[in-house]
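Student: Next up is a structure, given as structure tokens.
The values are calculated or read from the model by the stated rules, or taken from the named source; none is laboratory data. Remember, it's a predicted structure, so these values are computed and weren't measured experimentally. Don't worry about glycine lacking a Cβ; one is built from the backbone with ideal geometry, like all the others, and counts go over all protein chains shown. Accessible surface is based on the protein model in full, side chains and every heavy atom, while ligands, DNA and RNA are left aside. Shrake-Rupley method; radii C 1.70, N 1.55, O 1.52, S 1.80 Å.
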Amino acid sequence: IVLTGIARSKGKAAGEAIVVRQRMGWAFNFVGNEDGIVMQADSDARGMSIVGKIVAYPTLLGSTTSATSLFFKCTQSHHGPAAIICQQVHAVDISGAIAGGITAVDSLDQDPITTIKTGDWVEIDAPKVGQKATVTITRKA
């Protein structure tokens, strides 16, 4: 399955998907800074590690703390995701993704929350911010 969307933070990424149907935040009380474990009470991913994963979620839950927390997880504690895919990436998460050096895409031609399944292998090619990005999904065996 190949989806097309818009690159919000450029790059290439590949990894196992975690799909969260609820809005998601990156602050320390939503995702652990030192272990990458989701703690958000109402999250489909509660108790799961997002480290090195492609995380798909609708949009941001929280505030500007999310950007600095995403940056910290990706560059300092090394417990961040490989990339994020949203129905609509919030500007706060775009800044966190750019600062954290991870890929972020949105505005896909199919809903990523219903198309991607947790455990699928996902590859993202997002060469230029604001331009076309491709998301290739391989179903888990």
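Student: Considering 105, 135, 122, which residue is open to solvent by less than 50 Å² (accessible area, probe 1.4 Å), within 21 Å of residue 63 (Cα to Cα) and at pLDDT 95 or above?
Tutor: It is 105.
Student: Next question, about the same structure. Starting from segment 57-77, keep only residues that are open to solvent by less than 30 Å² (accessible area, probe 1.4 Å), then list their pairs with residues that are among the charged types (D, E, K, R) whose Cβ atoms are within a distance under 6 Å, requiring at least 6 positions of separation or different chains.
Tutor: Filtered contacts from segment 57-77: 58/23; 60/93; 77/34.
Student: Scanning segment 3-44 for residues that are touching a Ser or Thr at 6+ places or on another chain (Cβ under 8 Å) and among the hydroxyl-bearing types (Ser, Thr, Tyr), which turns out least open to solvent (accessible area, probe 1.4 Å)?
Tutor: Ranking the qualifying residues of segment 3-44, first place goes to 9.
Student: Within segment 110-130, can one find any residue that is in contact with a Cys (Cβ under 7 Å, 6 or more places away or on another chain) and β-branched (Val, Ile, Thr)?
Tutor: no
Student: Now for a different question. Condition test on residue 53, is it touching a residue at least 60 places away in the same chain (Cβ under 8 Å) and more than 16 Å from residue 7 (Cα to Cα)?
Tutor: no
Student: Is it the case that some residue within segment 107-119 is assigned to a helix (DSSP H, G or I), closer than 17 Å to residue 133 by Cβ, in contact (Cβ under 8 Å) with a residue 12 or more places away in the chain and in contact with a helix residue (DSSP H, G or I) (Cβ under 8 Å, 6 or more places away or on another chain)?
Tutor: Within segment 107-119, none of the residues are assigned to a helix (DSSP H, G or I), closer than 17 Å to residue 133 by Cβ, in contact (Cβ under 8 Å) with a residue 12 or more places away in the chain and in contact with a helix residue (DSSP H, G or I) (Cβ under 8 Å, 6 or more places away or on another chain).
Student: Restricting the search to segment 95-141, which residues are among the hydrophobic types (A, V, I, L, M, F, W, C), in contact with an Asp or Glu (Cβ under 9 Å, 6 or more places away or on another chain) and within 23 Å of residue 49 (Cα to Cα)?
Tutor: Those that are among the hydrophobic types (A, V, I, L, M, F, W, C), in contact with an Asp or Glu (Cβ under 9 Å, 6 or more places away or on another chain) and within 23 Å of residue 49 (Cα to Cα): 104, 121, 122, 135, 137.
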